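K.L.:
Just dropping this structure here.
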Ligand code: ATP
Ligand code: MG
């Protein structure tokens with residue numbers, strides 16, 4: 001099935017149930033209303049002359065328009081291109097041109113920067129162009145710029161104008177378009193997080209992400225009774241697939257607390273909306289748990305959710321289960337290129353397994369762990385994780401070379417992650433191939449040292465990297481964020497390690513920091529840390 005077919009069916013079955021709540025925009029829609037709005041937008045986009053397979057970018061934080069775009073583009077067969085709202089001029093230009101976007105939808109409502117001005121710099125022609133006639137030297141494929149809201153800007157269309165009630169003819173054209181679409185057509189280009197370098201555009205089909213959303217919801221035991229709080233960004237698969245598609249495939253309610261992550265908005269929303277689920281990367285859960293007003297809120301409605309994106313420290317997991325009542329929280333592992341999830345714990349997975357593994361392989365996905373020569377390693381040993389199945393992307397957009405590097409001829413996706421599988425099939429992510437430190441011939445997994453250091457009561461956050469060293473090839477370096485009010489120095493950290501972990505695992509360099517370089521999804525960019533250390537150490 002295509003996303004459109006599935007979506008229509010669910011909207012019909014759950015017509016009178018709440019589908020979407022967007023706090024801040026006063027949206028509270030049933031599935032029937034959601035479908036009406038989605039169809040209006042799909043017709044509006046088709047009326048612009050956009051054809052199946054055309055790329056349309058969206059450059060915005062979370063809002064109701066984003067949700068509508070996700071389903072309207074799927075119904076109209078357009079390829080939605082998720083553009084990180086943190087992108088600046090050069091990155092936007094790169095993304096739009098890389099995939100030749102014909103249209104761009106943007107939200108000018110962000111507080112932090114002037115998006116319109118940025119676009120104006122790229123397309124000075126905008127102000128003098130009639131909508132649809134844009135021909136900007138720097139953005140040659142772009143024809144339409146669509147601005148969310150009612151306000152007007154020269155050369156741009158208003159999003160709300162695309163939502164006019166469509167006539168019978170337009171609805172028929174939409175239905176006809178739907179019949180021409182195939183389940184394995186590309187429907188979405190998502191850029192990877194850029195944790196290890198520049199983001200890559202993964203091309204995904206209806207089949208890829210619809211099925212993944214369904215199985216993600218299954219693992220959480222979602223039903224139409226559930227209400228999922230989604231503070232993770234929609235431009236990333238975490239929001240779009242683990243959030244929206246998991247909900248829609250189960251008739252559950254999508255609840256949006258704020259445009260961008262805000263721990264207080266999460267607390268308020270979970271309480272006011274009686275949410276049963278909550279998603280987040282570990283750093284988001286930490287921010288919620290550490291919020292000074294945490295104790296004021298009633299979070300007893302929570303049951304499940306997903307913590308994913310990076311390893312979850314044991315201490316954080318314990319607090320999520322005990323203080324946020326999320327006994328049925330699941331851990332998921334995945335990557336943009338695999339739609340994204342391939343491992344997930346179940347709601348009844350023992351907490352000990354939730355903290356030490358990323359759960360079990362998803363239905364209909366194969367897995368193997370191999371050494372650098374491609375041989376399968378014995379159970380329990382570390383190697384690179386490879387996955388294969390329905391969830392592997394179609395490829396990186398128009399990038400044969402990188403696609404072939406990532407997906408081999410037998411269809412295996414090379415994840416770039418180091419992992420082990422235990423006897424019962426639980427997977428442990430040990431780190432990234434690129435982050436492994438080799439010190440004097442010893443393989444060191446930074447994750448192991450991070451887990452150890454987290455046990456220190458004064459350490460709030462810690463990241464370990466390798467830095468070049470003449471004698472040993474690489475030396476370990478720890479960046480530490482000290483808990484508020486506590487004081488800790490490098491000697492204190494070393495004393496804590498002494499006798500507890502092997503001498504070569506004790507970090508040579510210890511830096512105290514207030515922040516880590518991060519992607520907008522809250523992932524720590526170790527490649528940036530390595531660059532900075534290299535400069536600092538000369
Ligand atoms: P880029 O590919 O651009 O460097 P990225 O790999 O971070 O960025 P994503 O596709 O968003 O981009 O993230 C996938 C990666 O996140 C995985 O390859 C893995 O390294 C990490 N990851 C995801 N889930 C988990 C998890 N539960 N535990 C540990 N690591 C995880
Ligand atoms: Mg990656």
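K.L.:
Efficiency by 1/(1 + (r/R0)^6): what FRET value for residue 301 and residue 260, r their Cβ-Cβ distance, R0 = 25 Å, to the nearest 0.05? It would help to have the intermediate numbers written out before the result.
P.N.:
Values: r = 24 Å, r/R0 = 0.94.
For residue 301 and residue 260, the calculated efficiency is 0.60.
K.L.:
Moving on. Starting with the fewest neighbours, write out 220, 529, 518 ranked by other beta-carbon atoms found within 10 Å of each beta-carbon.
P.N.:
Values: 220 29, 529 20, 518 15.
Listed from fewest to most nearby Cβ atoms, that is 518, 529, 220.
K.L.:
With just the Cα atoms defining each centre, how far is the range 36-78 from the range 84-106? Give it in Å.
P.N.:
Each part reduced to its Cα centre gives a spacing of 16 Å.
K.L.:
Which percentage, to the nearest 5, of the DSSP beta bridges contained in the range 445-516 is antiparallel? Write out the running numbers ahead of the final one.
P.N.:
Details: 10 of 14 bridges.
Antiparallel: roughly 70 percent of the beta bridges in the range 445-516.
K.L.:
Follow-up question, since we're still on this one. Would you work out the relative contact order for the chain, in percent, from Cα pairs under 8 angstrom that are 6 or more residues apart? Intermediate results must be reported in sequence, preceding the final value.
P.N.:
Numbers: 1148 pairs, mean separation 57.9, N = 538.
It comes to 11 percent, rounded to a whole number.
K.L.:
Taking every DSSP beta bridge that has both residues in the range 119-262, what percent is antiparallel when rounded to the nearest 5?
P.N.:
Working: 5 of 10 bridges.
Percent antiparallel among DSSP bridges in the range 119-262 is about 50.
K.L.:
Follow-up. Taking the Cα centroid of the range 372-444 and of the range 167-225, what is the distance between the two, rounded to the nearest whole Å?
P.N.:
Measuring centre to centre over Cα atoms gives 25 Å.
K.L.:
Another one. Going by average Cβ neighbours within 10 Å, how do the peptides 63-76, 273-286 rank, with the highest at the top? Display every interim value, and only then the final one.
P.N.:
Working: 63-76: 25.4, 273-286: 23.2.
The most tightly packed comes first, giving 63-76, 273-286.
K.L.:
Return the whole-Å distance between the Cα centroid of the range 241-264 and the Cα centroid of the range 278-298.
P.N.:
Each part's Cα centre sits 16 Å from the other's.
K.L.:
Next question, about the same structure. Quickly estimate the mean residue ellipticity at 222 nm for the chain, helices only: each DSSP H run with n ≥ 4 gives -39500 (n - 2.57), and the total goes over all residues, rounded to 500.
P.N.:
That comes out to -8500 deg cm²/dmol.
K.L.:
For each of 491, 290, count neighbouring Cβ atoms within 10 Å of the residue's Cβ, then give the residues from fewest to most. Display every interim value, and only then the final one.
P.N.:
Values: 491 9, 290 13.
The most exposed by this proxy come first: 491, 290.
K.L.:
For the chain, list log₁₀ I(q)/I(0) at each q in 0.06, 0.07, 0.13 Å⁻¹, using the Debye formula over Cα point scatterers of equal strength and ignoring solvent, two decimals each.
P.N.:
The Cα Debye sum returns log10 ratios of -0.29, -0.40, -1.37.
K.L.:
So how do 144, 412 line up by other beta-carbon neighbours within 10 Å, fewest first?
P.N.:
So the ranking, lowest neighbour count to highest, is 412, 144.
Here, each number is a calculation from the coordinates, and none is a lab measurement. Note that this is a predicted model, so its numbers are computed, not measured. Note that each Cβ is placed from the backbone with ideal geometry, even for glycine, and that neighbours are counted across all protein chains shown.
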